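Down below is the structure, laid out as structure tokens.
Laboratory data are not the source of any read-out in this text; all were calculated from the coordinates shown. If you're wondering where the values come from, they're calculated on a predicted model, not measured in any experiment. Every residue, glycine among them, receives a Cβ derived from its backbone with ideal geometry; neighbour counts consider all protein chains shown.
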Amino acid sequence: MTSFTHNINDFALWTALVTPFTADGNIDFPSLSALVAEQQAANNAILLCGSTGEGLALETAEQLSIVKFVCELKPSVPLMVAVGGYNLQQQLAWIEQCNTLAIDAYLLTAPIYAKPGVVGQTQWFKALMDASDNPCMIYNVPSRSGVSIDVDCIANLAKHPNMWAMKEASGDINQFLAYQQAAPKVKMFSGEDGLMPYLASAGAVGLVSVCSNAWPQATHCYVQKSVEGGHDPKLFAIWSTAIDSLFEVANPIPVKVLMHKKQTIKTPLLRAPLTHLELVSDQRVISADAAIQYWYVCNNTAQTMAE
């Protein structure tokens, strides 16, 4: 078991990092290094190989190469690694490999496609958390997994020593509140960028974000204001419109297109079946970028003057 220096509870924003590719479709490690440095400069924690990172489209060896590479960079922010799929033994083997690396947490998703009930879900997550040497965040994302995690499953797991947090991305605030009631000591994170201010008012302590790939500093400020209760309707109207542009087609297509436009990654390429050609026009993301940059300059200037 590896010892860690990061306190994961000090970080309200986790960036679900994209995986940059070269023109020939291989992992672009120099760009990956630059992305890690950018998130570190914004003091954002990092999630590797999640759905935004196209984890399920990567070979296991490629996923491992990403995690090892980022660990070797020794970032000053925590690292979380996604665990997702269908085959339990493969996921246990993945956790066993990652346990030897300098990571801080795991993101555990419900098994895709299978649609297990409360008993199967409880057994699945318990097996993964039993195998883990690190705290775990359970991820409810029925739009991708095909099933919503049962509230009774969360209640069953609430006292597990590795049950640290939950990422809620159903879009249903009643579901969020039900999980919170079932496991009041488990930290709740929004899994949807646009709902952060509203879920923060209901008790969310942070966000696992897509948009912080494109706007690391600005999203950090957005999350901070949400957690602090700065619910200015005009402020969040700007963010809601900008965030919508990043989900015009399947994530992470728009954010990769925007990052390529901003020259933070060398290509907008994705792994099949996703393709950047799905986004017919980049005008919405370009307009959103200008709006968020203007918002951040205004808010950062105001905060500096206040200090």
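Considering Cα pairs under 8 angstrom that are at least six residues apart, work out the relative contact order of the chain and quote it in whole percent.
That works out to 17 percent.
Pick out, from Gln91, Ala202, Ala242, the residue whose Cα sits farthest towards the positive end of the charge dipole of the chain, with +1 on the Cβ of Lys and Arg and -1 on the Cβ of Asp and Glu.
Most positive-ward Cα: Ala202.
Are there any helices in the chain, counted as whole DSSP H runs, that stretch 30 Å or more along their axis by Cα and score at least -1.0 on average by Kyte-Doolittle, and if so which?
283-306
Under the definition of Cα pairs under 8 Å and six or more residues apart, what whole-number percent is the relative contact order of segment 75-143?
So the answer I get is 38 percent.
Explain nothing, just the number: dipole magnitude of the chain about its Cα centre with +1 on each Lys and Arg Cβ and -1 on each Asp and Glu Cβ, in debye rounded to the nearest 20. Provide the component values of the computation, followed by the final result.
Numbers: 17 positive and 26 negative charges, 24 e Å.
My answer is approximately 120 debye.
Where the only charges are on Cβ atoms (+1 Lys, Arg; -1 Asp, Glu), what is the dipole of segment 166-267 about its Cα centre, to the nearest 20 debye?
Magnitude of the dipole: close to 400 debye.
Would you please give the residues with an amide H less than 5 Å from that of Gly206, counting only those at least 5 places away or on a separate chain, with H modeled from the backbone geometry?
The list, which skips near neighbours in sequence, is Ser190.
Could you tell me what a quarter of the Cα convex hull surface of segment 166-307 works out to, in nm² with one decimal place?
9.6 nm²
Any idea what the relative contact order of segment 97-256 is, in percent, if you count C-alpha pairs under 8 Å spaced at least 6 apart? Present the calculation step by step, with values, prior to reporting the outcome.
On the way: 233 pairs, mean separation 24.8, N = 160.
Contact order relative to length: 15 percent.
What are the lysines whose alpha-carbon lies under 22 Å from the alpha-carbon of Lys256, with same-chain residues fewer than 8 places away excluded?
The qualifying lysines are Lys266.
Of the residues Gly84, Gly206, Gly25, which exhibits the maximal mean-square fluctuation in a Gaussian network model of the chain defined by a 10 Å Cα contact cut-off?
Maximum among the listed residues: Gly25.
From the cross-link list Lys74/Lys225; Lys74/Lys261; Lys126/Lys185; Lys159/Lys225, which pairs have alpha carbons spaced over 23 Å apart?
On the way: Lys74/Lys225 29 Å; Lys74/Lys261 28 Å; Lys126/Lys185 17 Å; Lys159/Lys225 31 Å.
Exceeds cut-off: Lys74/Lys225; Lys74/Lys261; Lys159/Lys225.
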